[in-house]
Amino acid sequence: MRHLNILLFSVITIAIAMWLTGCHSARQSAVATGNDSIKLSLDSRFDLLAGSYADWTDVNVPIKLRLQQPKEMSISGRLYMTRGQNVMLSLRFLGMEVMNLYVNSDSIYATDKIHKYYLAEDLKTLVAGFPMTINDVQDLLLGRVFLLQHGTLSPKMKRHVELSEINSYMAISPKKSFNGIEYAFGADADNRLKVLTATRNGSDVLQCVYDKWVDSNAGQVACSNQVSLTLGETFLQATLESDYDAAKWDTPNTRSWKMPKGYKRVYGKALIEAFASK
């Protein structure tokens, strides 16, 4: 339990937030359907993928968070999301909440109940105007394609993207970058998002690898999301495993974050600097 420190679990979220501030092949591919293979153009595959997402309001799902780099550890809990409003991660040990992380459109908060630390940061300051919304964060967690400033992928967004094929994968990238950040999504032959890769100024790299798909109220969602972040000489890697077979969908979530009394405040920038120095 001495290793359950807010430094280890909050740092990835803070690091990603701070990270944000700083020739095509023929349009044809095979989509597997049982034992057959149907040739579809990339335009058709795009339409199928974009049309597969469903609206949802709330979700409450059991999760396991595994930190792999630079230290190994894991902890279970629950992930609560209200569409377009907030994301809350509650981490538990022996049935008791030991840590939580809460993000809304304005702020990011975290509480370490073991060491009595809390973090409260203005999200707009951290991302320095980067146009990532709560909806985008939720799509990233669910394994859904999104475009910055446009939202969840939809058929009408085709004019905003470039499509290409790489080893049967459909690559989807925006036509316009933002402040030196380039990003692209890769969907497999079954039209499931498998990878999101983003680079900043050609060096720092953020990658999400998705796996273990299930059908849900929101369409197909990924039960496994491995996040890797290279920030200068610092490398972070963690996997979020979500049990969407046991999720509760569209049940109003009343959980919120409350300022703890008698806790010491820590700051995002200091966390990153301390983490990078270890």
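The values are calculated or read from the model by the stated rules, or taken from the named source; none is laboratory data. Owing to the predicted nature of the structure, the values given are computational and were not obtained by experimental measurement. Here the Cβ positions follow ideal geometry from the backbone for every residue, glycine too, while neighbour counts run over all protein chains shown.
Look through Asp243, Asp215 and report the one residue that is farther than 26 Å from Lys113 by Cβ and either out of contact with any helix residue (DSSP H, G or I) (no Cβ under 6 Å at 6 or more places or on another chain) or at pLDDT below 95 (or both).
Asp215 is the lone residue from the list that is farther than 26 Å from Lys113 by Cβ and either out of contact with any helix residue (DSSP H, G or I) (no Cβ under 6 Å at 6 or more places or on another chain) or at pLDDT below 95 (or both).
Residue by residue, here is whether (1) in contact with a Cys (Cβ under 8 Å, 6 or more places away or on another chain); (2) aliphatic (A, V, I, L, M); (3) farther than 24 Å from Ser41 by Cβ holds:
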residue: Ser154; (1), (2), (3): no, no, no
residue: Arg159; (1), (2), (3): no, no, no
residue: Ser173; (1), (2), (3): no, no, no
residue: Lys176; (1), (2), (3): no, no, no
residue: Phe185; (1), (2), (3): no, no, no
residue: Ala198; (1), (2), (3): no, yes, yes
residue: Asn201; (1), (2), (3): no, no, yes
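Per-residue answers, yes or no, for (1) more than 19 Å from Leu67 (Cα to Cα); (2) surrounded by fewer than 20 Cβ atoms within 10 Å (Cβ to Cβ); (3) at pLDDT 90 or above:
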| residue | (1), (2), (3) |
| --- | --- |
| Met88 | no, no, yes |
| Asn100 | no, no, yes |
| Val103 | yes, no, yes |
| Thr111 | no, no, yes |
| Ile114 | no, yes, no |
| Thr125 | yes, yes, no |
| Asn135 | yes, yes, yes |
| Leu147 | yes, no, yes |
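Please specify each residue of the stretch 219-245 satisfying the condition of being in contact with a Gly (Cβ under 8 Å, 6 or more places away or on another chain) and hydrophobic (A, V, I, L, M, F, W, C).
Across the stretch 219-245, the qualifying residues are Val221, Ala222.
Assess whether Glu72 counts as being crowded, with 20+ Cβ neighbours inside 10 Å and modelled with pLDDT under 90.
For Glu72, the condition - crowded, with 20+ Cβ neighbours inside 10 Å and modelled with pLDDT under 90 - is not met.
Mind listing whichever residues of the stretch 51-65 are buried (at least 16 other Cβ atoms within 10 Å of the Cβ) and more than 14 Å from Ala218 (Cβ to Cβ)?
Of everything in the stretch 51-65, those that are buried (at least 16 other Cβ atoms within 10 Å of the Cβ) and more than 14 Å from Ala218 (Cβ to Cβ) turn out to be Pro62, Ile63, Leu65.
Of the numbered conditions (1) of a type in the set (Phe, Trp, Tyr); (2) surrounded by 16 or more Cβ atoms within 10 Å (Cβ to Cβ); (3) more than 21 Å from Pro252 (Cα to Cα), Phe93 satisfies every one except a single condition; which is it?
It is condition (2) that Phe93 fails.
Taking strands (runs of 3 or more DSSP E) that do not extend beyond the stretch 41-122, which have at least 2 residues that are aromatic (Phe, Trp, Tyr) and either touching a helix residue (DSSP H, G or I) at 6+ places or on another chain (Cβ under 8 Å) or farther than 20 Å from Cys208 by Cβ (or both)?
117-122
Tally time: how many residues in the stretch 246-270 are out of contact with any strand residue (DSSP E or B) (no Cβ under 8 Å at 6 or more places or on another chain), at pLDDT below 85 and not hydroxyl-bearing (Ser, Thr, Tyr)? Walk me through it before giving the result.
Taking the stretch 246-270 first, the residues out of contact with any strand residue (DSSP E or B) (no Cβ under 8 Å at 6 or more places or on another chain) are 254, 258, 261-262, 269-270.
Those left that are additionally at pLDDT below 85: 254, 269-270.
Narrowing further to those that are not hydroxyl-bearing (Ser, Thr, Tyr): 269-270.
Qualifying residue count, the stretch 246-270: 2.
So which of Ala238, Ala171, Ala187 ends up being within 14 Å of Ser52 (Cβ to Cβ) and in contact with a strand residue (DSSP E or B) (Cβ under 7 Å, 6 or more places away or on another chain)?
Every option except Ala187 fails the conditions.
Can you pull out every residue in the stretch 25-50 that is among the hydroxyl-bearing types (Ser, Thr, Tyr) and either buried (at least 18 other Cβ atoms within 10 Å of the Cβ) or modelled with pLDDT of 95 or more (or both)?
Ser29
Filtering the stretch 190-212 down to residues that are within 15 Å of Leu48 (Cβ to Cβ) and not charged (D, E, K, R), which residue is modelled with the highest pLDDT?
Among those that are within 15 Å of Leu48 (Cβ to Cβ) and not charged (D, E, K, R), it is Leu193.
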